[in-house]
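In what follows, a structure is listed as structure tokens, so that the remarks can point back to it.
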Amino acid sequence: MATRRSTTKAPRQQARRPQVSRRRQGKKRPWGRILALLLLITGAVLAALIWPFWQLSGQFGTEAAKQPSRLYGRPKVIQTGTSLTADELVGELQTLGYSDAAASGRLIPGSYRRADGRLEVFRRRLPIPGADRGQDRLRFSFRAGAVSLIENADTTLRSVALDPPLIASYYGPELRERRPIGLDELPEELIMCVLAAEDAYFLEHSGLSLIGILRAAWVNFRAKEVRQGGSTLTQQLVKNLYLTHQRTYIRKLREMVLALFLEMRFDKRAILQAYLNEIYWGRSGSIDLMGVGAAAHAYFGKHAAQLDLAESALLAGMIQSPATLSPLIHPEAAMARRDFVLGRLAQLKWVSTDRLERVSQQKMMLANEPLVTRKAPFFAAAAETEARRRFGVTSLDDAGYVLLSTLSVDDQKWAEEAIGWGVVALEKGWEKGRTHGAPLEASLISVDPRTGDVLAYVGGRNFGRSQFDRVVNARRQAGSVFKPIVYAAAFADHKATPATFLQDSPLAVPSDGRTWRPRNSDGKYRGRITTRTALEKSLNVPTARLALDVGLDRIIGLARDLGIEGPIAPYPALALGAMDVSPLEMATVYATFASGGMKPSLHRLTQVFDRRSQEVAGTPIDPPRRVLDEGTAFVVSNVLQGVLDRGTGRGAREQGIEDPLAGKSGTTNSRRDSWFAGYSPDRITLVWVGYDDNSTTRLSGARAALPIWSRFTHRVRPAGGYANFEIPDSVVIALVDPTTGALATDRCPKWQEEAFLASFVPRGLCPIHNGFRARPMDQPDDVQVEPQKHPFKRWLKMLNERRKKNRGVT
């Protein structure tokens, strides 16, 4: 029995050992693998969590600062000899946001000062590439109400351009104003104020402030919610660039990690510059102010480089809560916060106590007006369209483009004033009592006919109420403003001269199965009248007769050459302007007359630069091309000068227009449209007045458009007056008897000067009044004049002397 027990026990013991051994080995191997796997996973997770932050921090500073595209007007150019006083130049500078250096004692970019009877100006850096970048000191001397000397360092200049005025900013959907500025351009006092207010130990920590974190943790613990973040300047920047403003611990942790990475990868100067250009500084109107450049411009109307200590302290104090510390809305709170920042400077011993005491007594001079997105909104919208069409710019919003335009801000101001004054006066006068749903509208365009530059542009009376641009997009009946095209065709084809007689009597013309019977606006007929009188008085019937003689196809062809692009039907009523045109098209027509038959390409933009200051290649402006003989253009202009002297435009003389300008009024059927176009060789301005729904009015070109044109034209008159038209070699000025149209003699009781194409001058003397021929100015070489001894000869001699002095026609 004993032996059996021992034999059965031994095998059991041998069987247990391997099993135990196997169990122990199995426990060691799985746990080791799991631990290694966990370490690997943990490392991967940490890497996955950290890597995006590392990558995100690496994006800092890789892109150009985002800012709106900006549209600038033409800069004012000052030359030696320009009629300008020191006070007037100061006014120009103040309009551009320049400040008097006497207040700060420093002449810095964007400031001026008077010294020894001269005016010293420190120009800002101009926003355009080129040889003249500005940011230089200029000295202006004056004598007898004019600029006598312009100096730059030791160089004498013949002319210099001031800053181009800002017309419009093109914001993105977030409506954020940015004006990036380099750290080296900012006053040291501004940097001290910001650091004193927000992060005095910025230069010492590595992105996080332990003291700030502990303070914020205690406040949050007591409040049982997140109220403070204890953020350093770097953390604030990270929050603005990459994170939301939601107050959670997760967001705070991300902020801290990114701040550390940012400090590891970039130096303090880069971080501080980015902070000053990206931090939120409140609002101006509907625009968010991002960065100190935008804040300085909005609150003080100056460049950030011009900020003094008091202004710097106020802006630095606002960072904590821009809405509740805005000097525009809460001035007392803003000033109290400013004094706190000044006190911090004293505690840190960064500024002397005496100086801080003086600064604390300084009053704040805030900007008078909030930021506006567009000063000339219709022009800005049209310029945006041109940038897309000519330069391929798909979007200007926050794209950083710089657009240089042709607009004169002074002219634009007077254009908008004239339109506003005119429509209000008409609604209180001729249109008083009209129960019309839509308001009376008007548009104005003023152009330099020599270049095609658009100088002033108003597409309607109120852009906020209606963005419809009536200069370009309105298609309105031309009416009598079209008539000079008919007369130009007649003069060019030798169908008539200004002295040719036309018949003003009832006319019936078969057309499309009907009979067209044109009538004059007053319903009267005058019988036999000259071509000049017909155009000066804007008579319909003689104009229609002349058009039928010239040929409708010829008139249509010339209208196309002069600039009318819309449909034109060859009906007899075409002679009286029975077709739809835009004010822009009619402005092109009159610009061609003004430039002696050279058709200019009307345009608003001269150059476009991208955010890196590289010029954007675009479709060049077509040079002016000849579409009408110079002599014909002069004869048309000469007759249209009579419109202001004796015709439908004589009301301009009553409003103070004395220069020898040419012009033409226009009124359409039922007085739905009122036009006036007036010009000289250096400017053409066209005005349209009417209702958008084509309603009838009690107006006319002389009643509605002419007063607006006259007011604007008088306001923008050059110092030396408008230029007169030079007589081309192909034109002869002769004296004619107005009753016969023949060359006047010394016995004609009346005579008048008349312009003729040299090949179409009357050859015969007045058949009614016999005597010697009067020859006041020019004559064809093949016409012989008998020598005469007569008192009238002295008058002729005087007239010839006047011609040598001034070849213009009055």
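Annotations
- Taking all protein chains together and rolling a 1.4 Å probe, HIS303 ends up with roughly 70 Å² accessible.
- Estimated D of the stretch 731-771 in µm² per second, where Rh is the Kirkwood radius over Cα pairs and Stokes-Einstein applies at 20 °C, 1.002 mPa s: 214 µm²/s
- Amide N of the stretch 254-289 lying under 14 Å from the label point, which is placed 7 angstrom from the Cα of LEU183 along Cα→Cβ: 263-278
- Cβ-Cβ FRET estimate between ALA719 and ARG265, R0 fixed at 56 Å, reported to 0.05: 0.40
- Spin-label pair PHE340/ALA617, simplified geometry with 7 Å Cα→Cβ offset, distance in nm: 5.7 nm
- In this structure the amide hydrogen of THR745, modeled in the peptide plane, comes within under 5 Å of the amide hydrogens of CYS766, ALA774, none closer than 5 places in sequence on its chain.
- Equivalent ellipsoid dimensions for the stretch 576-707 as semi-axes, Å, which come from the Cα gyration tensor, largest first: 30, 20, 14
- Overall form of the stretch 336-404 per C-alpha gyration tensor (a/c, 1.5; a/b vs b/c): prolate
- Residue pairs, from the table LYS524/LYS664; LYS664/LYS750; LYS537/LYS750; LYS76/LYS413; LYS302/LYS375, whose Cα atoms sit over 23 Å apart: LYS664/LYS750
- In the context of the full set of protein chains, the stretch 690-734 has a per residue accessible area of 39 Å² (1.4 Å probe).
- Listed peptides 655-665, 681-691 appear in the order 681-691, 655-665 once ranked by packing, highest mean of other Cβ atoms within 10 Å at the front.
- Within-12-Å neighbourhood charge of LEU706 [Cβ basis; K, R +1; D, E -1]: +4
- Proportion of all alpha-carbon pairs of the stretch 232-383 beyond 20 Å (%): 58 percent
- Within the accessible surface of the stretch 66-128, defined with a 1.4 Å probe on protein heavy atoms only, the carbon and sulfur portion equals 45 percent.
- Tail weight of P(r) past 18 Å, computed on alpha-carbon pairs of the stretch 107-200, percent: 62 percent
- When the surface is traced with a 1.4 Å probe over the full set of protein chains, LEU328 keeps roughly 90 Å² accessible.
- Summing Lys and Arg as +1 and Asp and Glu as -1 over all other residues whose Cβ lies under 13 Å from the Cβ of GLY182 gives a net charge of +1.
- Working note: Karplus 6.51/-1.76/1.60 with θ = phi - 60° gives the stretch 385-392 the couplings 5, 5, 4, 6, 6, 8, 10, x Hz, where Gly and Pro are set to x.
- Zone of ARG653's modelled label, taken as backbone nitrogen in the stretch 676-690 under 20 Å from a point 7 Å along Cα→Cβ: 676-681
- Surface composition of the stretch 442-508: carbon plus sulfur atoms contribute 47% of the solvent-accessible area (1.4 Å probe, protein chains only, all chains present).
- Karplus-derived 3J(HN,Hα), 6.51/-1.76/1.60, for each residue of the stretch 486-493, Hz, glycine and proline x: 4, 5, 4, 5, 5, 5, 5, 8
- Rolling a 1.4 Å probe over the protein heavy atoms gives the stretch 486-629 an accessible area of 43 Å² per residue.
- Share of pairwise Cα separations in the stretch 414-468, more than 17 Å, in percent: 47 percent
- Listed peptides 312-319, 751-758 by packing density, highest first (mean Cβ within 10 Å): 312-319, 751-758
- Put simply, when 642-652, 602-612, 483-493 are sorted by average Cβ atoms within 10 angstrom per residue, most first, you get 483-493, 642-652, 602-612.
- Theoretical FRET efficiency, 1/(1+(r/R0)^6), r = Cβ-Cβ of ARG646 and SER759, R0 35 Å, to 0.05: 0.80
- Residues in the stretch 489-520 reached by a label modelled at ARG554 [backbone nitrogen below 17 Å; 7 Å Cα→Cβ]: 489-503
The values are calculated or read from the model by the stated rules, or taken from the named source; none is laboratory data. Because the structure is predicted, anything quoted here is derived from the model rather than measured. All Cβ positions, even for glycine, are placed from backbone atoms using ideal geometry, and neighbour counts span all protein chains on display. Ligands, DNA and RNA are excluded from the accessible area calculation, which covers all protein heavy atoms including side chains. Shrake-Rupley method; radii C 1.70, N 1.55, O 1.52, S 1.80 Å.
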